[in-house]
Every structure is written in C-alpha cells, then in structure tokens.
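Comments concern the structure below.
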Amino acid sequence: MADSYAPVAFLVALKRGWRGLCPRCGEGALFGGFLKMRSHCPSCSLLLEPYRADDAPAYFTILLVGHIVVPLVLVLERYGNQPPLWFHALLWLPLSVLLALLLLPRIKGAVIALLWVHRVAAPKPSADGPDLSS
C-alpha cells in the first residue's frame, strides 16, 4: 500500500502536518482529539505511532509565543506611557494562552510530518532491554 503513494515534497508534508492532516495522503486527520495523535491515518493507513513528537512541539510553541509576545510587551511599555502591571497581566496572559492553544496542535502536526519525511521513527522498546526497576 505504501508503494501506491507518490513521494511527498518536504514543504507539502509540513503544510499537511500544520493543518493536522496526514503527511502522506493529506486527507486523514492526524489527531483524534485536541493533541491525541491517531495510531494510523484513517484514509491511507499510514502508521503514525512510530513518529512521536514528544516535547518538541511544546518547546517550539513556547519559543514562538515568546518571540511574538515579548516584543509587543516592550513596544507597549516604551510607547504606551508605561501602563500599570495589572494592565499588562490582563492583556498578555490571555493572549499568551490563546496563542499557545492555537499554535500547539499545528506545531505538533508539523513536527510529526517532519519526522515522517525524514523517517525518524522512535525505536520500539525491546523485551531484552535493561531492567530499570532496581
């Protein structure tokens, strides 16, 4: 089944992942919930489980939200006649949370697509692995 799909360009796969779609076919949804990744694509049956994004989407989201919000805070502080701290909290905290909630699933989809394009699958745990219980 994997042979019946044409190779996917890097940017096409990233755009599909950003939109929450399967990086291979662009039709099936990556997520079954807000951030709950499906085990496979419902459309083309691509196994998605091996492509674990782990903490990378959270790091990239924090980096991006910080680079958006902090310059705005500094501009308001410089040219806004130094508003009180309660005004900053009232403005920037909800904006930061909203941006994070908006960007996190998109960045996670893009990271999964990036992992798929480069075939960076998480290793399967082996039965012979080290015993970490002691």
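For region 81-116, a tally of residues being in a loop (DSSP other than H, G, I, E, B) and surrounded by 12 or more Cβ atoms within 10 Å (Cβ to Cβ) returns 1. Step by step: first the residues of region 45-72, then only those that are out of contact with any Ser or Thr (no Cβ under 9 Å at 6 or more places or on another chain) and assigned to a loop (DSSP other than H, G, I, E, B), then the one that is surrounded by the fewest Cβ atoms within 10 Å (Cβ to Cβ). Which residue is that? Result: Asp55. Any chance region 12-19 includes a residue that's in contact (Cβ under 8 Å) with a residue 40 or more places away in the chain, surrounded by 12 or more Cβ atoms within 10 Å (Cβ to Cβ) and in contact with a strand residue (DSSP E or B) (Cβ under 8 Å, 6 or more places away or on another chain)? No, the conditions are met nowhere in region 12-19.
Scanning region 1-44 for residues that are in a loop (DSSP other than H, G, I, E, B), farther than 19 Å from Val120 by Cβ and among the hydrophobic types (A, V, I, L, M, F, W, C) yields Met1, Ala6, Cys25, Phe34, Leu35, Cys44. Where residues in region 26-44 are among the hydrophobic types (A, V, I, L, M, F, W, C) and closer than 13 Å to Ala113 by Cα, which of them is farthest from the chain's Cα centre (by Cα)? Looking at the filtered set, the residue picked out is Cys41. Taking every residue in region 75-103 that is closer than 22 Å to Tyr59 by Cβ and pairing it with any residue that is surrounded by 10 or more Cβ atoms within 10 Å (Cβ to Cβ) and among the polar types (S, T, N, Q), at least 6 positions away or on another chain, the pairs with Cβ-Cβ distances below 7 Å are Ala100/Thr61; Leu103/Thr61. When residues in region 45-77 are screened for being modelled with pLDDT of 95 or more and of a type in the set (Gly, Ala, Ser), 3 of them pass.
The values are calculated or read from the model by the stated rules, or taken from the named source; none is laboratory data. Nothing here was measured: the structure is a model prediction, and the numbers come from that model. Backbone-built Cβ (ideal geometry, glycine too); neighbour counts: all protein chains shown.
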